[in-house]
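K.L.:
Sharing a structure with you now.
Nothing in this text is a laboratory measurement; each read-out follows from the coordinates by a stated rule. Quantities reported herein were computed from a predicted structural model and do not represent experimental measurements. Backbone-built Cβ (ideal geometry, glycine too); neighbour counts: all protein chains shown.
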Amino acid sequence: MKETSTVSETAALIARLDWAHSPLGEANDWPQSLRTAVDIVVHSPMPMLLLWGSQLTQLYNDGFAALAGNKHPEALGQPAHQTWPELESFTGPIYEAVLDGQVRTFTEQRFILQRNNRDTEIWLDLTYSPIRDESARVAGILVTAIETNERRKARHNTEQRLQLALAATDAVGTWDWDIGEDRFIADAHFAYLHGVDPSESGQLPISEYLHGVHPEDRGMVARSIKHCITFGTEYAEEYRLMQANGQVRWVFARGRCYKDHQGRPARFLGAALDLTERKHTEQALLNLNETLEERVAQRTQALAEANQRLQNEMFERERAEDALRHAQKMEAVGQLTGGIAHDFNNMLTGIIGSLDLMQRYIAAGRSDEIGRFTDVAVSSAHRAAALTHRLLAFSRRQSLDRRPLDPNQLVVSLEDLFRRTKGAHISLKMQLGRDIWPVNTDASQLENALLNLVINARDAMPDGGELLIETANSYLDGTDITTIEPVKAGDYVMLGVCDNGTGMAPKILAKAFDPFFTTKPIGQGTGLGLSMIYGFAQQSGGHVTIHSEPGQGTCVRLYLPRLHGTSLECTLPATSSEAPVALAGEAVVVVEDDPAVRMLVVNVLDELGYTAHQAADARTALPLLESDLRVDLLVTDVGLPGMNGRQLAEIARQHRPGLRVLFMTGYAEKAAERQGFLEDGMDMVAKPFSIDLLATKIRSMINVVE
């Protein structure tokens, strides 16, 4: 009966329309789409409004007529903007979107309408839908309206009862954040928990409340709130609060973001539950010394809550186990290469030094004093020395001469070398950051690492391409890059070498840092280049990452820790000049357990005009050092039998304060970090060394102005 009455009343409304003044014209001329839309409005049991044509002419049923109030019946058949000019700011954007084919829905919109010549507050749920004509074009808008005054009143009563319930306990706090105005309204308990004066609620931004969150949880809470506001998801977080008295409290907060009619975040509401007592109870339960059965029963719920945390910890545990296995492997390789390097470098020193002397005798016309020699022997010895160096670099046992340097200065100094190395078919691009931080590292090792990467990039672009050398300041917090070794959060300088060559497949990329692994043909690569760079980076406190895709290219980035508070001087390696000779009367004590190496060093000293005193071990050397002989410099091997070279130097300085000491080392684990091994007046030369290098070191150590 109600529907029949509604239909007849609506039909009567439309029948009374003044067609002479309506933009729609006579009803007999209406298109079929308009007739269908009117039929829907007439038969609808709920308030409906039809807006048709370019002027959005209004047709509605008697249900909507009641909502129109004093606007009815003049509104019927007239354009909407003439009837409701006061709503233009609200309806304008909506009409534009719906006429574009979109649907707009709004809940609990507040309007002030005149009913019986009095202003009446009304709350409506509104839906605006497009109506299309026979050619599928949007020709009108269908508006459905549901009055929600009673529903809102019931919810308001419920909220009042909820507020009374919340006020009855101090374990729950509520908030209401006006996002646009950045006004954060909270009840007294929530404000107190977050360290805010309750009297200032509504006067402060949300950042003041975030200050009360524990520093370790603050970033997580801020990111979660931002995610909720951006994507409209539910906010639910458990976090800690730091009280003014140093006490830590736990809360669980749940909230949701509400948007305005234009879809923009408007309000963020929620409540927080104080979990502190429950946390204390859980901790107390964990500390109970009861039987296994009792503890299992009591911890069942706690274990259920911890299950998700355990899932997250499993990943970190697997990563830690991988790092441990890798560290153990590195330790084994380091011990092996270190043991080989000591004896192997002694032999190399004898070979290279002897051949060097032979070449000197030939140049001086003293051929009758030497045996045969070949350049092949020298070349082979140098290759063996290079292999030893790479093994030590990979196992992080090489001796690093760390000094402050400017990364950009070093890269610029190598630009010509890079251009000669890359070949004419490859273009070089330098992208150096501004105000790059200084680093504390071995300049020679860093040069070798960059040159090795440039060679690898060149080989990956046989048909040409672009080689990019880049530097940048970076902050790493452990999540920025993925490495086997843990990343210590802090400032780093990034040096990158990138190419757009062949790239590497995932299986190849996984083995890139493995020692002796190479994809190059036999004789064209040792497989130690990247592993050497990896070891150098780790020994320097840094990291290396590789990003590569087949057909796209490869980018290797080296991260070195930033050096703080040190002014830079010229840090690039200086080129050596002709070997300087001794001044009159200068004497050197040589301590070396290997006869060939000892003979070589003594011979070099004799050739340069020094008085040389030799000893095979520390026990034999001590009487010389404790005597009245003139001694300007002590040259000693580090790895002596019995008392080592470092201990010998300590004792010698007790008798000869300020004695200068030059250490020779083929391999010594404790000497790998020069800054921790050497004191003032000490220096180190790594075996194998050239005659010129040894002579220059000796001259600079004695430090007598010629």
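K.L.:
Extension gain Gln203-Thr479, at 0.36 nm per residue separation less the Cα-Cα distance, in nm?
P.N.:
Full-extension gain reported as 95.7 nm.
K.L.:
Within the set of other residues whose C-beta is less than 12 Å from the C-beta of Leu432, count the net charge using Lys and Arg as +1 and Asp and Glu as -1.
P.N.:
That sum, taken over residues with Cβ under 12 Å, equals -2.
K.L.:
Distance in nm between label sites at Ala616 and Asp435, each 7 Å beyond Cα in the beta-carbon direction?
P.N.:
Inter-label distance under the simple model: 6.3 nm.
K.L.:
For the range 403-561, what is Rg from Cα atoms divided by 2.2 N^0.38 Å, rounded to two decimals?
P.N.:
Rounded to two decimals, the normalised Rg is 0.99.
K.L.:
Something else now. Around Val597, with a cut-off of 10 angstrom between Cβ atoms, what is the net charge of the other residues, counting Lys and Arg +1 and Asp and Glu -1?
P.N.:
Net of charged neighbours comes to -2.
K.L.:
OK, next. Roughly how many Å is it from the Cα centre of the range 120-139 to that of the range 202-233, as a whole number?
P.N.:
39
K.L.:
Hey, which of these cross-link pairs are over 32 Å Cα-Cα: Lys511/Lys697; Lys429/Lys511; Lys226/Lys511; Lys259/Lys279; Lys422/Lys507; Lys226/Lys279? Let's see the in-between values first.
P.N.:
On the way: Lys511/Lys697 40 Å; Lys429/Lys511 28 Å; Lys226/Lys511 40 Å; Lys259/Lys279 35 Å; Lys422/Lys507 27 Å; Lys226/Lys279 27 Å.
Over 32 Å apart, Cα to Cα: Lys511/Lys697; Lys226/Lys511; Lys259/Lys279.
K.L.:
Using a cut-off of under 18 Å, list every residue of the range 74-111 whose amide N is near the label point 7 Å from the Cα of Asn117 along the Cα-to-beta-carbon line.
P.N.:
Within reach of a label on Asn117: 74.
K.L.:
Also, quick follow-up: On each of the three principal axes of the Cα atoms of the range 587-702, give max minus min coordinate, whole Å, ordered largest first.
P.N.:
On the principal axes, the range 587-702 reaches 33, 31, 25 Å in Cα extent.
K.L.:
For Asp176 and His280, calculate 0.36 nm times their separation in residues minus their Cα-Cα distance, and state this gained length in nm to one decimal.
P.N.:
Length difference between fully extended and current span is 34.5 nm.
K.L.:
Could you tell me the relative contact order of the range 169-280? Use alpha-carbon pairs under 8 Å, at least six residues apart, and round to a whole percent.
P.N.:
With pairs under 8 Å counted, the relative contact order is 26 percent.
K.L.:
How many Å³ per residue does the convex hull of the Cα positions in the range 169-280 occupy?
P.N.:
Expressed per residue, the convex hull around the Cα atoms of the range 169-280 is 96 Å³.
K.L.:
Additional query: Going highest first, how would you order 87-94, 641-648 by mean Cβ packing within 10 Å?
P.N.:
Ranking, from highest mean packing down: 641-648, 87-94.
K.L.:
Put a dot 7 Å past each Cα toward the Cβ at Ala302 and Arg267; how far apart are the dots in nm?
P.N.:
Taking the two extended label points, one gets 4.1 nm.
K.L.:
Run the quick spin-label model on Ala154 and Tyr192: label points 7 Å from Cα toward the beta carbon, then report their separation in nm to one decimal.
P.N.:
Result for the modelled spin labels: 3.6 nm.
K.L.:
In addition: Can you work out the FRET efficiency for the pair Asp683 and Ala489, with r the C-beta to C-beta distance and R0 = 30 Å, to the nearest 0.05?
P.N.:
For Asp683 and Ala489, the calculated efficiency is 0.30.
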